[in-house]
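What follows is one structure encoded as structure tokens, with my remarks underneath.
The values are calculated or read from the model by the stated rules, or taken from the named source; none is laboratory data. If you're wondering where the values come from, they're calculated on a predicted model, not measured in any experiment. Note that we place each Cβ from the backbone using ideal geometry, even for glycine, and neighbour counts take in every protein chain shown. With ligands, DNA and RNA removed, areas are computed over all heavy atoms of the protein, side chains included. Shrake-Rupley method; radii C 1.70, N 1.55, O 1.52, S 1.80 Å.
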Amino acid sequence: MVAHRGVSGIELENTCSAFVAAGNRSYFGIETDVHVTVDGQFIIIHDDTTKRVGLDDLTVENTTFETLRSLHLADKDGKRGRKDLILPSLAEYIQICKKYEKISVLELKNHMEPADIDGIIEVIEKEGWLEKTIFISFDLPNVVYVKEKLPEQKVQYLIGGDMKDWGEVMDALNRYRLDLDIYYKMLTEERVKELHAAGKEVNVWTVDHLEDAERLSAWGVDYITSNIIE
């Protein structure tokens, strides 16, 4: 089980509080999203702007790290008040994964330049947690670059509900030696068998109902990413 953006069913997503909540539970891994700021630093947030979680509307990749860090986020009730709710740095997220011995499942948001991916890898290497990190991204060039740079790294190609051609997906996975992280409704038992036969690990997102998780588990998926199921 992988905690989606931390235990985001309880704490505000992608905050240190959500990551610590996952650390204190039985999750195998903690998933999060990293963006590159305008000044070339790395910050944890899902959306391209801060409006949904921070009320103030800042475009993440056009804003400095310091400005983003100064923003106090709204809690799950939509109100500000908790001073601990700020956007984490990449290093803080990795440090929490390391402290609680959780696998880091790190989504590279949007297309990134190779130098930025190198910088992200450097931060994780500095914490000694690269072997405990799985890289994921919807951007195929991102995951291809990571796999080429780190041939033994676990790297998953993210696929959403708009997938049109299963054959193209399998071709990409085989060509670039990638595993799969797929929207759970796009998966079938036959596809799980095909993926495993090809030596691919299968992660599914985002599964919040126990009956879905039990079905997927029976199919033999390798990871289940959830907001709340432990």
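Structure notes:
- Cut-off under 5 Å, modelled amide H: who pairs with Thr206 long-range: Tyr184
- Residue-by-residue Karplus 3J(HN,Hα) for segment 100-117, coefficients 6.51, -1.76, 1.60, Hz, glycine and proline x: 9, 6, 10, 5, 8, 10, 10, 8, 7, 7, 6, 6, 10, 6, x, 4, 5, 5
- Accessible area in the full protein assembly, largest first, 1.4 Å probe, for Arg175, Arg5, Arg80: Arg175, Arg80, Arg5
- Heavy-atom accessible surface of segment 77-141: percent carbon and sulfur, 1.4 Å: 49 percent
- Net charge dipole size for the chain [Lys, Arg +1 and Asp, Glu -1 on Cβ; Debye, nearest 20]: 480 debye
- Net charge of Cβ neighbours under 15 Å - reference Tyr100; Lys, Arg +1; Asp, Glu -1: -1
- Sites Ser217 and Ala91, calculated FRET efficiency, Cβ-Cβ separation with R0 35 Å, nearest 0.05: 0.55
- Heavy atoms of Thr64 accessible to a 1.4 Å probe, total area in Å² rounded to 10: 50 Å²
- Table column - 3J(HN,Hα) (Hz), segment 50-59, Karplus curve with 6.51, -1.76, 1.60, x for Gly and Pro: 8, 4, 5, 9, x, 6, 5, 9, 10, 7
- Close amide-amide hydrogen proximity is noted between Asp181 and Tyr157, Leu158, Ile159, Asn203, each under 5 Å apart and 5 or more residues distant or on a separate chain (H modeled in the peptide plane; Pro and chain starts excluded).
- Ignoring lysines fewer than eight residues from Lys147 along the same chain, the ones with Cα atoms less than 30 angstrom from its Cα are Lys98, Lys99, Lys102, Lys109, Lys126, Lys132, Lys164, Lys185, Lys193, Lys200.
- The chain: relative contact order as a whole-number percent, Cα under 8 Å and 6+ apart: 19 percent
- The angle between the Cα long axis of helix 140-149 and the longest principal axis of the Cα atoms of the chain comes to about 80 degrees, rounded to the nearest 10.
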